[in-house]
Amino acid sequence: MTPKPARAETAAPPADNWEVQVRKGSIELAILAALWKERLYGLEILRRLADGAGLVVPEGTVYPLLSRLRSEGLVESEWVEAEAGHPRKYYALTRGGRQRAAAMARFWTAFSANLDALLAPLREEERR
Amino acid sequence: MSTGNEERAGVEAYLAALRSGLRGLREEQVRDIVEEIRSHVRDAAGGSDPARVAAALERLGSARELAARYLAEDLALRAEASRTPWLIVRSTVAWAKVSVGGAVAAFGCVVGFGLAACFAFCGLAKPLNPARVGLWRLADADRSLSLHLGLGAPPAGTELLGWWMVPVGLAAGAALFLLTSWFGLARLRALRRRLPSR
C-alpha cells in the first residue's frame, strides 16, 4: 500500500504564513495535474488533492477557481447525467490546459531539485 | 429534530441566497453555478442525512461569501479585458468583500482614480473659472496644499500654478490614471492567484 502523504496543514502550525503561501501557490498546478489523466467533477478534484497531495482546499474556494480556469481556457466542463443519481459537472483539460500543466510541472521539478540541492547541508546537519 | 424536508428547505434557502448574491452575472452562468453547488451538496452529504447535509453546507462557507468570490472572479476577468476604471474599481470593491488585500486594492484604486479625476478636472476647468480653480498653498500654520475645483470661494493663501494648472493638471491626471490602472490590474491578477486562508 502506498503511504499517504503528510497533510501540509498538520505538518506545521497553521499560523505559518510561508507554508500557507506555498500551498496556495501550488493549487492551480495540483488541479491541472489531477485532471491530467481523466475528467473529474468538483468533489473528486477536492478528494484527489487531499488524498494525493495533502492539499486541503476549502470547498467553497475550488468552484470559483475552476470557473476561472475555465474562463482562461485551461479546462472545459460538461454536465454528465448519471445512470443512477444526479447530473454532475465534469472538468477536463483543454489543449492549452495540458500545455500549461506541462510547463508548470517542468518549472516545479527544476525549482524543487535546485532547492533540494541548497537544502542538503541543512538535512545533513539535522540528521546528526 | 430536523426532518428531510427541513434539510431540503435548508439547501434551497442556501441556493436561493447564492442565486441572489450572484446578481450581475448572466442568467445562464447563475443557473450553472447553482446547479453545480446543488450537485456538490448531494455528493458531499452522501445522502439526505440532515446532519451531513448541514455539515456539507457549512464546509462550503456562507452563500454570500461564495457568491462574492464568483462575482469577484468574473469582474476581475472583465476588468482585465476592458481595462476601464469603472470595472477595475467595481472588481476591487468585489474583492474587498472576500479579502484584506482586496480592500487595500479598492482603497488605492478609489483614491488614485479620484485624484486623477480631480487633477484632470482642474486642468480642463481652469480656463473656464480661472479665479477659483487651481492649486493653493493655504495660509494656515501647516502651509498645506489644496486643490480647488472651483466650488465656493477660493481658499485663503497663494495660488501656485496659475495657467500652468492646465498642462500640469492634465499631465498629472493622465499619469495618475495610468498608474492607478496598472496598480489595480496588477493587484487583481495577484488576488486571483490567491485563495482565502479559510
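Numbers below:
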{"item": "Distant-in-sequence amide H partners of A:TYR41 (H built 1.01 Å from N, under 5 Å)", "result": "A:TYR91"}
{"item": "Neighbour-count ranking [beta-carbon atoms within 10 angstrom, fewest first] of B:HIS148, A:HIS86", "result": "A:HIS86, B:HIS148"}
{"item": "Contour excess over end-to-end distance, with Cα ends at B:PHE107 and B:SER48 and 0.36 nm allotted per residue", "result": "16.8 nm"}
{"item": "Candidates B:LEU147, B:LEU25, B:LEU138, ranked by Gaussian network fluctuation over chain B, Cα under 10 Å, top entry", "result": "B:LEU138"}
{"item": "Whole-number percent relative contact order across segment B:1-60, with pairs defined as alpha carbons under 8 Å at least 6 apart", "result": "42 percent"}
{"item": "Rg to Rh, two decimals, where segment B:71-198 supplies the alpha carbon set and Rh follows Kirkwood", "result": "1.12"}
{"item": "Ranked list, fewest to most other Cβ atoms within 10 Å of each Cβ, for B:ARG59, B:ARG192, B:ARG23", "result": "B:ARG23, B:ARG59, B:ARG192"}
{"item": "Built amide H within the under 5 Å cut-off of B:GLY134, gap 5+", "result": "B:HIS148, B:GLY150"}
{"item": "Three principal axis lengths of the protein assembly as shown [C-alpha, angstrom, descending]", "result": "82, 62, 42"}
{"item": "Antiparallel content of DSSP bridges confined to the protein assembly as shown, in %, to 5", "result": "95 percent"}
{"item": "Calculated P(r) tail over 17 Å for segment B:6-85, as whole % of Cα pairs", "result": "47 percent"}
{"item": "Neighbourhood charge, 13 Å Cβ-Cβ cut-off, centred on B:CYS122 and excluding it, Lys, Arg +1 and Asp, Glu -1", "result": "+1"}
{"item": "Computed E for A:ASN114/A:TRP79 - FRET, C-beta separation, R0 25 angstrom, nearest 0.05", "result": "0.05"}
{"item": "Average Cα contact separation per residue, segment B:71-198, under 8 Å, 6 or more apart, as relative contact order %", "result": "29 percent"}
{"item": "Cα centroid separation - segment A:41-55 against segment B:149-175, whole Å", "result": "58 Å"}
{"item": "Dimensionless Rg/Rh of chain A - Kirkwood Rh, Rg from C-alpha atoms", "result": "1.03"}
{"item": "Residues A:VAL62, A:VAL20 arranged by fewest to most Cβ contacts within 10 Å", "result": "A:VAL20, A:VAL62"}
{"item": "Relative contact order [Cα under 8 Å, 6+ residues apart], segment A:8-127, whole percent", "result": "24 percent"}
{"item": "DSSP H segments from chain B that extend 20 Å or more along their own axis, Cα-based, with Kyte-Doolittle mean of 1.6 or above", "result": "B:100-125"}
{"item": "At R0 = 25 Å, FRET efficiency that the Cβ-Cβ distance of B:ALA81 and A:ALA102 yields, to 0.05", "result": "0.45"}
{"item": "Candidates A:GLU83, A:GLU38, A:GLU59: whichever shows maximal mean-square fluctuation once chain A is modelled as a Gaussian network with Cα springs under 10 Å", "result": "A:GLU83"}
{"item": "Under the Karplus curve 6.51 cos²θ - 1.76 cosθ + 1.60, θ = phi - 60°, whole-Hz ³J(HN,Hα) for segment A:114-125, x wherever Gly or Pro sits", "result": "5, 5, 4, 4, 5, 7, 3, x, 4, 5, 4, 5"}
{"item": "Within a Gaussian network of chain B (alpha carbon springs, distance under 10 Å), most fluctuating of B:ARG69, B:ARG78, B:ARG187", "result": "B:ARG78"}
{"item": "Cβ-defined net charge surrounding B:CYS109, 11 Å radius [Lys, Arg +1; Asp, Glu -1]", "result": "+2"}
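Every number here is computed from the coordinates shown, using simple stated rules; none is lab data. It should be emphasised that the depicted structure is a prediction, and the values quoted were computed from it without experimental measurement. No Cβ is skipped: glycine too gets one built from the backbone with ideal geometry, and neighbour counts run over all protein chains shown.
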